[in-house]
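Nothing in this text is a laboratory measurement; each read-out follows from the coordinates by a stated rule. As the structure is a prediction and not an experimental result, all values here were calculated from the model. No Cβ is skipped: glycine too gets one built from the backbone with ideal geometry, and neighbour counts run over all protein chains shown.
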Amino acid sequence: MRIIYQSKTIIIREFLPAEVGLFTGLFEDEAVTRYLPPRSPEQYIGLFNIALEDYGKGLLSRWGIFNATNDDFIGICLGRDFVEVPGQLEIGYVLSQAYWGKNVGTEVCLALKHYLFDHTEVKEVVAVTAPDNIGSQKVLEKSGFKRAENLVREGDEIAYFIVQRPA
């Protein structure tokens with residue numbers, strides 16, 4: 001199990017196969033999935049299995065976010081190729097409600113941004129949100145991302161944020 005990031009507050013690490021229930025359980029909360037594309041429980045299991053496979057393939061995947069103090073499951077995050085704009089890498093995160101408004105999202109975004117810039121040659125890291133997900137947009141701006149023109153993904157408009165590699 002590889003750790004991507006660790007601080008006094010959170011640990012971002014690879015999931016263990018036995019943690020499939022943590023992963024899928026996060027998406028049972030309608031407030032958590034409010035801004036996400038609809039998926040079935042089977043599709044979430046599929047995403048989890050893809051994450052496990054990705055760990056052996058390279059730097060990009062989905063990872064678990066855990067409380068560094070008590071190992072409580074906080075949520076998931078990802079780093080992946082951005083399909084809409086080749087050459088960019090995308091970050092994302094989903095947090096359980098218990099961790100909303102506690103700067104965890106900002107710490108995750110900063111950690112992923114640094115991870116991708118430190119381990120790749122990519123010039124831009126991006127993130128997207130639903131246009132009305134103001135909370136996540138504020139987190140991205142606080143993490144140094146700048147709003148760009150909205151994009152369309154799978155027929156839906158999405159808010160698009162970019163941060164440039166530091167000089």
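Values computed for the structure shown
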read-out	value
Kirkwood-type radius of the stretch 3-164, with distances r between different C-alpha atoms, in Å	16.0 Å
Span-rule helices in the chain, defined as complete DSSP H runs reaching 15 Å or more along the axis (Cα) with Kyte mean at least -1.0	41-54, 104-119
Residues T69, T120 arranged by fewest to most Cβ contacts within 10 Å	T69, T120
Global geometry of the stretch 3-57, whether rounded, prolate or oblate, following the gyration tensor of its Cα atoms and the 1.5 cut on a/c	oblate
Added length on full extension, which subtracts the Cα-Cα distance from 0.36 nm per residue, R39 to N70	8.2 nm
Relative contact order, percent, the chain [alpha-carbon distance under 8 Å, six or more residues apart]	17 percent
Spin-label model distance (nm) - I134 vs N150, 7 Å beyond Cα toward Cβ	1.6 nm
Centroid-to-centroid separation of the stretch 40-75 and the stretch 91-167 [C-alpha atoms, Å]	18 Å
Debye, to nearest 20: dipole size of the stretch 3-164, +1 on Lys, Arg Cβ, -1 on Asp, Glu Cβ	480 debye
Residues V163, V83, sorted so that the one with the fewest Cβ neighbours within 10 Å comes first	V83, V163
